[in-house]
1. Out of (1) within 14 Å of chain B (Cβ to nearest Cβ); (2) over 21 Å from the mean Cα position of the chain (by Cα), what's the single condition that is false for A:Gly248?
2. Can you tell me which residues in region A:186-216 are more than 7 Å from every other protein chain (Cβ to nearest Cβ), modelled with pLDDT of 90 or more and over 19 Å from A:Gly174 (Cβ atoms)?
3. Is at least one residue of region A:229-242 surrounded by fewer than 20 Cβ atoms within 10 Å (Cβ to Cβ) and either modelled with pLDDT of 90 or more or within 11 Å of chain B (Cβ to nearest Cβ) (or both)?
4. So which strands (runs of 3 or more DSSP E) are wholly in region A:1-116 and hold at least 3 residues that are surrounded by 14 or more Cβ atoms within 10 Å (Cβ to Cβ), under 28 Å from the mean Cα position of the chain (by Cα) and at pLDDT 90 or above?
5. Could you please give the count of residues in region A:315-352 that are in a helix (DSSP H, G or I) and either among the aliphatic types (A, V, I, L, M) or without any contact (Cβ under 8 Å) to a residue 12 or more places away in the chain (or both)?
6. Select the helices (runs of 4 or more DSSP H) contained entirely in region B:106-213, then report the ones holding at least 3 residues which are within 24 Å of B:Gly82 (Cα to Cα) and within 15 Å of the chain's Cα centre (by Cα).
7. Collect the residues in region B:19-38 that are of a type outside the set (Lys, Arg), within 11 Å of chain A (Cβ to nearest Cβ) and out of contact with any strand residue (DSSP E or B) (no Cβ under 9 Å at 6 or more places or on another chain), keeping them in residue-number order.
8. Based on this model, can you work out whether B:Ile5 counts as away from chain A (no Cβ under 14 Å), assigned to a helix (DSSP H, G or I), modelled with pLDDT under 90 and in contact with a Lys or Arg (Cβ under 9 Å, 6 or more places away or on another chain)?
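The values are calculated or read from the model by the stated rules, or taken from the named source; none is laboratory data. On a predicted model such as this, the values are computed, not experimentally measured, just so you know. Here the Cβ positions follow ideal geometry from the backbone for every residue, glycine too, while neighbour counts run over all protein chains shown.
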Amino acid sequence: MSDLFQDYSEAAARSGAYDEMFAQGHVARRSYGQVSGALRELSLADVTARADSMARTFLDRGVTFDYAGEERPFPLDIVPRVIPADEWDVLERGVAQRVKALEAFLNDVYGRMAVVTDGVIPRQLVTTSAHFHRAVHGFEPSGGVRVHVSGIDVVRDAAGTFRVLEDNVRVPSGVSYVLENRRAMAKGLPEAFGQQHIRPVEEYPRRLLSALRKTAPSGVDDPTVVVLTPGVFNSAYFEHTLLAGLMGVELVEGRDLICRGNRVYMRTTAGEQRVDVIYKRIDDDFLDPLQFRSDSMLGCPGLVNAARAGGVTIANAVGNGVADDKLVYSYVPDLIRYYLHEEPIIANVDTFRLEEKEAREHVLDRLDELVVKPVDGSGGKGLVIGPDATKDELDALRKRVIADPRGWIAQPVLQLSTVPTLSGDKFGPRHVDLRPFAVNDGDDVWVLPGGLTRVALKEGSLIVNSSQGGGSKDTWVLANSPQLPAEVIPRQSVTVREQVSVWPVESNWRDRQTEQQQ
Amino acid sequence: MLSRIAESLFWIGRYVERADGTSRILDVHLERLNHLPLEEQRSVARELLAVMGAKPQSEEFGLPELLHALAYDKHSASSIAGSLGAARENARRARETVSQSLWESLNTTYYGLNQHRKDVVGTYRFCNWVLERTAMVRGLADTTVSHDESWLFMVLGRSLERADMTARMLSTRDVQSAGMSWVNMLRCAGAYESFIRTRRAAFGDQHAAEFLLLDRLFPRSIVYALRDADECLAKLDPSAQRVGFINDARRIVGQARTFLEFHRTDDLMSELPEHMERVQKAVTQASDAISRKYFNQADEHAWVGEVS
């Protein structure tokens, strides 16, 4: 470990961020004991060989994302991110709480709008959101769930406190990397798994499928679930195929679907087959040319009406974007208090609402110290980090903010926590975030233990998006009580177990031949 | 054709399939095994070896020894390297009968056996490599050898061994009941996607076992493999008897298959060990019967390694 981690503590001190692996004085935290032990045994040559083989596995398996029309493997770093059981417990509850609040908020916003009447958030905020779709106003989706799948982005600030950075309740992606990363790590760095119990992630597709089936329109006995993809050119196409494959359902494109009489069918070799639940992986705008963009060839005309009539469940529901609008985000703590009568378990990042005059003036004075984000962006698009921006960029930003204050929010620059990451011939601290995934089946919100840890591969960079040079790490949640017996119970041997006999007694052919030979 | 050649072909089929099955089992179990405490690791390693039909050679038997015994030991017919070596040896003795490309691919495989690191990580890659090579051998056998008697013997060996290997995969469930989920059981057989597509939301031990045991369309299920073997035997001995069978192998394979196929049960899981035991027994007996009938059991064994 000595040479691989040579300059690590200096680099970590430079960034001033919370390091997930090392506490003060370059001592590995308890949760990282096994990992650091395993890494200590390895030489640079071993580590690079392992990393190469993991990258090759990803290419072989087609674990890629589409970047500017090119398939690239999603870089997986060899050092996992480890979350101890007690910290995970808080995160898990916090994420579930948030999902429940957003679910309630969406139901309300597309219904009575009590939240507005009660003065928790301004009506204008909802109605000016680009993703507030009036087309889905006034009906409860069949199955009663809107946020089937969500990814709540969480970061850890310099003090080590988890904070929610943003909510994704439209089409959160990345879960396929969680599944693939675990597979690759189990084979790439088996020593690090050691004898600790790491909570498995493999049940995700089954959880998702059962949640989707559970929220099918009423009266359907054996619901047919499909995954709706925009097609092979989508950047997350790999994920669509993986999930459809692991759930054992059809992966359909818009042209495979037909809407008739407010029911949805898919074209199969055996004629048209009814579809009950659509796991939608395309943006609302492209879903239904009757309601949204009329030039969209990706969707299927009539889906929204079918959903309204209760003929099909669309997951996640149409119009969810209003809940992950970044300006609404700044109200989520209030929403949690309003709907659930609880205090938020995970805090937000401090956010300036630029519509408010004072805040705006304050922000415009300190643009070079803040992060400014468009409210409806995703994937780090349009985001400006003040300290890294040039003067021209800041001036341009200033003009745009003044022109459209509703379209932007500002946050202080967070020093995201760091995890050692292989770069060149040694490990250096790199900033990470975390996207836990939650599946809501209407009764219960299940949070996938772990989630996607994205890492900015450039030193000092705070942008972790894969489209901007980010990679990922396998995320391990340690189990609370290792599920191992305190003493090794003598194992029941295979031969002495109770035998149930159902086969006929062996007939006499067995020895006939030998007898004859004798 | 010559009995000796037929025998070599039969064993090429068996050994290649054995290497394939063993690497599947090893690949999946290694992952679990690696996470166990040392003491448990030892006992599980022993039991796993027992399921694969071998005995530990030394008192000290842990993970490294298991890797050696199942993957790299060239002198053991139950290891991957041993099986592939034996398959190549058999092909060498039947070189004039097997196609050039089949021989070459077996030979290349044999010489590639040493080019792998023998630690846990290297073994994962080794297993993958073996899966690829065996798939290639099977593909070449199917596409470059006429589907005549010689090919039938190869397929016969392959089908019997496949039934046996799937039975062992299912038996390993017992060994690691703590950590071995049905998902892994299916992964072992490469059946996960097929299973999930046919069963939709019906998950669980029972369904997975049923799939690997009884599915009529999945090529690695026991019933499917036994039916394949049965068909080969029927083609090899077309003398249609109106009553009964002269051929013991057909009787054995047929009885095992029909028993499984038409057996009705409420509790498959508790019967599973017996099914597995009987399937393995049937395969051994069928193999013996085939030897007696076709290979003219000579005193000298033409193949390397064990008899079963």
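1. Only one criterion is unmet by A:Gly248, namely (2).
2. Passing the criteria: A:Lys214, A:Thr215, A:Ala216.
3. Yes: one or more hits.
4. Fully inside region A:1-116 and qualifying: A:76-83.
5. 8
6. Correct list: B:120-144, B:149-175.
7. B:Asp27, B:Val28, B:Leu30, B:Glu31, B:Leu33, B:Asn34, B:Leu36, B:Pro37, B:Leu38
8. Yes, satisfied.
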